[in-house]
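Below you'll find the structure, written out as structure tokens, and then a few comments.
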Amino acid sequence: MPAAFLALLLLVPQAAPDTVAVCPEEFRAALAPWLAYRAQQGHTVAVIGNLRSPEGIRQQIREIAKLRALHFVVLVGTAKAALCNDQATRSLCVPTHYAPAKVDVLWGSESHIASDNYYADLDDDQLPDLAIGRLSAASPAELAAIVEKTIAYEQSTDFGPWRRQLSLVAGLGGFGMLSDMIVESTARYFITQGIPESYSLAMAYASWRSPYCPDPRQFRETTVESLNEGAWLWVYIGHGNHLELDQVRVPGGDFPILTADDVPQLQCRHGAAVALFLSCYAGAFDATEDCLAQRMLRAPGGPVAVLAGSRVTMPYGMAVMANELMAQCFRRHPATLGDAILQAKRKMVGEPCADDTRRATLDALAAVFSPSQEQLAAERAEHVLLFNLLGDPLLRLRYPREVALAVGDGAAGTPLSVQGVSPVDGPCRVELMVPRGTLTFPAPRRIDYPRDDESLKQFQDVYQRANDGRLTVTETVVRGGRFQTDLNVPPQARGRCFVRVFVSGRADCAAGVAVVEIKEKG
């Protein structure tokens, strides 16, 4: 950037960029709608070229950061090594940085980690100082599709249940006993603690013995449907590589969870999810073949953004990152996806807070198979580099507003009074729920894997029932910010339950939850 231009920005402080977009000339026209949209929101974007080395591009970013307004970096273009190293296609690329791997190589990974964190690190401490993401397009048409999907996400007037929906797809493990304990602990945390009870969670688990396993023959269709039905957040935990995830293993056969061939089937009907892959290689955005995360981002009906690892990822490092990201999303509510990831990464490298029992548990489990505390710290630091956002870091996150609830005494077989004050008027769904992870029916005991079609079809019914924790539900309307209704408590209901409320308004949504103890009828 010319010194004269920097001097001009210093003289006009309101023009100081809060965002840098590193964009190839060929992509400028396709990026124009995004630039106009962000300008309308009050962002000032400095667009710089891509033909310098990674060191030269970072130096330009650092010069702009001296104006003390910079917060976001958006990389536009592919980082595929074969294209970046070819003079004929170099103009389409924003090359990534390759950081040496120290702990990751012990798990069988390459000696270097592909990481965009380099451009967001202003002081060479390996931590991001800026929120960064990559619009990973290899052509103007692909970029235009990503831009259109990003703007549509923020402008959506669909304030239906997808805005409180979370979907979790979990592989079976097989990392090793202690590593599997961490993976399973992370899955349980998502289900029971990490996600507030006001949110709805659906889980598909790749173990045929589990009630959360759909018909294994239809597992990939179930995974695709979990994305197509719309979700605020979609999470995969388990094995993966750059073109496919793990498989459901049953006696006599294997069935895929999700592959690159399934991406054309992504046709989201409501809100496109933010996708998180807690797996190896799903985000290998520099690979010869486009990785799963890139393909999903580019698909018009796919996720609006994807956070994924570029190399082999490790259960402990992933679990700590997920722990911090969930804290950001569900407790601190940052305004943008880039900020959520930025703060999660910065917090995961440090020591846990005194009241962070989840992190303390993860550290204790990991210490069993780690030779030193220093290696745990190094593993966390490498996961800052391993996980890259493919998508817009300026993506604005909307959280359901809070409904205040007052619930009467609960007794089995009697009406339960529910009153609420909501900042949003509109249709209101009121549900009585069992605690997340609890079934409303006796789970079938699966000792032998069935071979007949009818028995396998029953897997799907059990899976759907396992993901429906409702004891009863009613519909009402919020008018003037208030509502009152009764829930008919089933005679068999007992113990700790939750009243969950969701209000779908014209311009916003709201959610609330209250604990209720259901007693026997007196």
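Read-outs: derived from the displayed coordinates by stated rules, not from any lab. Because the structure is predicted, anything quoted here is derived from the model rather than measured. Here the Cβ positions follow ideal geometry from the backbone for every residue, glycine too, while neighbour counts run over all protein chains shown.
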Quick one: angle between helix 373-386 and the longest Cα principal axis of the chain, in degrees between 0 and 90, rounded to 10, please. 80
Using the Karplus curve 6.51 cos²θ - 1.76 cosθ + 1.60 with θ = phi - 60°, what ³J(HN,Hα) values do you get for each residue of region 247-256, in whole Hz, with x for Gly and Pro? 10, 7, 9, 10, x, x, x, 10, 10, x
Would you compute, from DSSP H runs of 4+ residues alone, the mean residue ellipticity of the chain at 222 nm, taking -39500 (n - 2.57) per run and dividing by the full residue count, rounded to the nearest 500? -9000 deg cm²/dmol
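Most exposed first by the Cβ proxy, i.e. fewest other Cβ within 10 Å, how do GLU221, GLU520 rank? Mind dumping the intermediate values first?
Working: GLU221 15, GLU520 10.
Lowest count first: GLU520, GLU221.
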For LYS149, the lysines lying under 27 Å Cα to Cα, once residues fewer than eight places off in the same chain are dropped, come out as LYS80, LYS345
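If each residue's Cβ is checked for other Cβ atoms within 10 Å, how do LEU278, LEU416 rank with the fewest at the top? Walk me through the numbers before you get to the answer.
Numbers: LEU278 29, LEU416 22.
Lowest count first: LEU416, LEU278.
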If you average the alpha carbon positions of region 239-254 and of region 17-33, how far apart do those two centres end up, in angstrom? 39
I need two numbers for region 3-135: Rg to one decimal and Dmax as a whole number, Cα atoms only, in Å. 15.8, 52
How far is the Cα center of region 70-124 from the Cα center of region 298-341, in Å? 18
Dimensionless Rg ratio for the chain, taking C-alpha atoms and the 2.2 N^0.38 Å reference: 1.01
Loop sites in region 429-500: trypsin sites (Lys or Arg not before Pro), DSSP, at most 12 other Cβ within 10 Å: ARG445, ARG451
Can you give me the long-range amide H partners of MET203? Hydrogens built in the peptide plane at 1.01 Å from N, cutoff under 5 Å, separation of 5 or more residues or another chain. LEU168
Give me the compactness ratio for region 161-390, meaning the Cα radius of gyration over 2.2 N^0.38 Å. 0.95
The chain, dipole about Cα centre (Lys/Arg Cβ +1, Asp/Glu Cβ -1), debye to the nearest 20: 1160
Return the unpartnered cysteines for the chain, using a Cβ-Cβ cut-off of under 4.7 Å. CYS23, CYS213, CYS268, CYS280, CYS291, CYS329, CYS353, CYS428, CYS497, CYS509
Those residues of region 393-429 whose amide nitrogen sits under 15 Å from the label point placed on ARG479, 7 Å along Cα→Cβ: 425-428
Compute the angle between helix 219-228 and the longest alpha-carbon principal axis of the chain, please, reported from 0 to 90 degrees and rounded to the nearest 10. 70
Using each residue's phi in region 315-331, evaluate 6.51 cos²θ - 1.76 cosθ + 1.60 at θ = phi - 60° and report the 3J(HN,Hα) Karplus result to the nearest Hz, with x for Gly and Pro. x, 5, x, 5, 5, 5, 5, 4, 4, 6, 5, 5, 4, 5, 5, 10, 10
